[in-house]
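No lab work stands behind these numbers, since they all come straight from the coordinates. Owing to the predicted nature of the structure, the values given are computational and were not obtained by experimental measurement. Glycine also receives a Cβ, built like all others from the backbone with ideal geometry; neighbour counts cover every protein chain displayed.
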Amino acid sequence: MGNNRLAAALVLALGMVVAAWLLADGIVTFKQFERSVEVKGLAEREVPADTAIWPIAFSEAGTDLTRLYQTLQSKNAVIIDFLKAQGFKPEEISVSAPSITDRQAQDYGNADLANRLRYTGKSVITVYTRRVDAVRRAMPELAVLGEQGIALNTGDYENRPRFLFTGLNALKPAMIEEATRNARQAAEKFAKDSDSTLGKIKRASQGQFSIEDRDESTAHIKKVRVVSTVNYFLAD
């Protein structure tokens, strides 16, 4: 009876030792399996803008509201003729409703009002076109309008020409592939330096695409950029 109990105790103890060893080995294996490295891959492209939005704004002032509207309409016609002469089609040109300010309504009790023009008006004509080069060729010719008595608001921020790139979807697949490839190259270099072997992808995330002007003087050339983040398993 005593021998049986001793044998059972030995078997139990041996089983606990084996189980502990297997558990410890499993933890080590698990930790090794969880070893990983996170890297980032960059892809960039320079592309020409494919859409132009070109607002042409001017202001007028006067004491007679009716005459002010007539002046705005007359100068609108001059600008539209100028744009047509530059090759733009009627469907590429739009005219916004004029904006009129009554200074008398804003300056109650102002003694200097009698010496000032009561009304100020602003008009904006906008060119929206896919012909970016045509806009760039026409912009230096705006001096012709100044010679015809039209004071353009070229210094206003909201009236600056804007150049857009709308072909991002066509670039996405190749750029994502390039960013992922660059990330893998960085991971392989890390694995080599750490005497490890690069494994499969643990997880990956695609960063947002950004489109910016290449620089302040070349807004018609865009820089497209994306950064992908990839986490790889490592093994000894």
Quick P(r) readout (region 51-164; Cα-Cα; 10 Å bins; whole %) gives 13, 42, 28, 13, 4, 0
Measuring from label point to label point, each 7 Å out along Cα→Cβ, what is the Glu212 to Thr51 span in nm?
2.2
Among all the aspartates and glutamates, which ones have a C-alpha under 15 Å from Lys200's C-alpha, if same-chain residues fewer than 8 places away are not counted?
Glu34, Glu38, Glu188, Asp236
In what sequence, highest mean first, do 52-59, 36-43 appear when ranked by Cβ atoms within 10 angstrom?
52-59, 36-43
